[in-house]
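S.K.: I have a structure I would like to understand better, so I am pasting it below and will then ask my questions one at a time.
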Amino acid sequence: AQTVTQSQPEMSVQEAETVTLSCTYDTSESDYYLFWYKQPPSRQMILVIRQEAYKQQNATENRFSVNFQKAAKSFSLKISDSQLGDAAMYFCAYRSGLTRSAHDMRFGAGTRLTVKP
Amino acid sequence: KAGVTQTPRYLIKTRGQQVTLSCSPISGHRSVSWYQQTPGQGLQFLFEYFSETQRNKGNFPGRFSGRQFSNSRSEMNVSTLELGDSALYLCASSFPGASTDTQYFGPGTRLTVL
């Protein structure tokens, strides 16, 4: 079964600096999708970035980028120029490309990011 | 486009009661999934619906049920509430067949069982 591991329960970063959140996953599938979601205190899960496993190029969305290492099964999120509004719980998620079912979506335990002014 | 909406946002019930939560997906999305989020268990999959049919169900007792209507709106029902049902219930919608089937989440319903 697929698993997603976020080894950093908490991280902190100074405003305007860069922080990297780690995520590793375990799967025997070759077709899958990876996601980072942000859940601020308002509780809504917001999609930050996504990566298709078949794409070698790392995804980027403005200040957010990923380092996708398929062989190492690693999918880290880099936040550049951190802002106070980035403070949230961040979840790494895996979704099977075979079934594409939410039933086969796996979430990590989350990393709580604090941004210091 | 409007996002996923969930009603109500907050609910307080007592043990033994039942509750119905509602979710309206993003326009055009036909797949709706439900998750239970608790501090101890994290995000746990409840159900997945597509075109009014339940595709999958997570490992939850029969007290948890759901359905999807022809307009893709979905409801979930929990009967005979227990204290352990206190949680944030999240709904997500997606457009099956899209390149990533990305799930977009609603703001959640916070259920407290006393």
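S.K.: Please report the relative contact order for chain A, taking Cα pairs under 8 Å with a sequence separation of at least 6, and give it as a percent rounded to a whole number. Show your work: numbers first, answer last.
M.R.: Numbers: 286 pairs, mean separation 43.0, N = 117.
About 37 percent, as a whole number.
S.K.: Given the alpha-carbon gyration tensor of the protein assembly as shown, what are the semi-axes of its equivalent ellipsoid in whole angstrom, ordered largest first, with each equal to the square root of 5 times an eigenvalue?
M.R.: Values: eigenvalues 172, 88, 51 Å².
Square roots of five times the eigenvalues give 29, 21, 16 Å.
S.K.: Only four residue types carry charge here, +1 at the Cβ of Lys and Arg and -1 at the Cβ of Asp and Glu. Report the dipole size of the protein assembly as shown about the Cα centre in Debye, rounded to the nearest 20.
M.R.: Values: 24 positive and 17 negative charges, 86 e Å.
Charge dipole of the protein assembly as shown: 420 debye, to the nearest 20.
S.K.: Using the C-alpha gyration tensor of chain A, what are the square roots of 5 times its eigenvalues, in whole angstrom, with the largest one first?
M.R.: Numbers: eigenvalues 117, 43, 28 Å².
Each semi-axis is √(5λ); the values are 24, 15, 12 Å.
S.K.: Then there's this: Report the label-to-label distance for B:T102 and A:E10 in nanometres (one decimal), using points 7 Å from each Cα along the Cα→Cβ vector.
M.R.: 3.1 nm
S.K.: Order the following by accessible area, largest value first: A:S12, A:S76, A:S7. Probe radius 1.4 Å; ligands, DNA and RNA are ignored.
M.R.: Details: A:S12 65, A:S76 20, A:S7 85 Å².
If we order A:S12, A:S76, A:S7 from most to least accessible, we get A:S7, A:S12, A:S76.
S.K.: Among B:G58, B:G16, B:G40, which one shows the biggest mean-square fluctuation in a GNM of chain B, springs joining Cα atoms closer than 10 Å?
M.R.: In this elastic network of chain B, the residue with the biggest mean-square fluctuation among B:G58, B:G16, B:G40 is B:G40.
The values are calculated or read from the model by the stated rules, or taken from the named source; none is laboratory data. Everything quoted here is computed from the prediction, not taken from an experiment. Note: ideal-geometry Cβ built from the backbone for every residue, glycine included; neighbour counts use all protein chains shown. The protein model used for the area step is the full one, side chains on, heavy atoms only, and it has no ligands, DNA or RNA in it. Shrake-Rupley method; radii C 1.70, N 1.55, O 1.52, S 1.80 Å.
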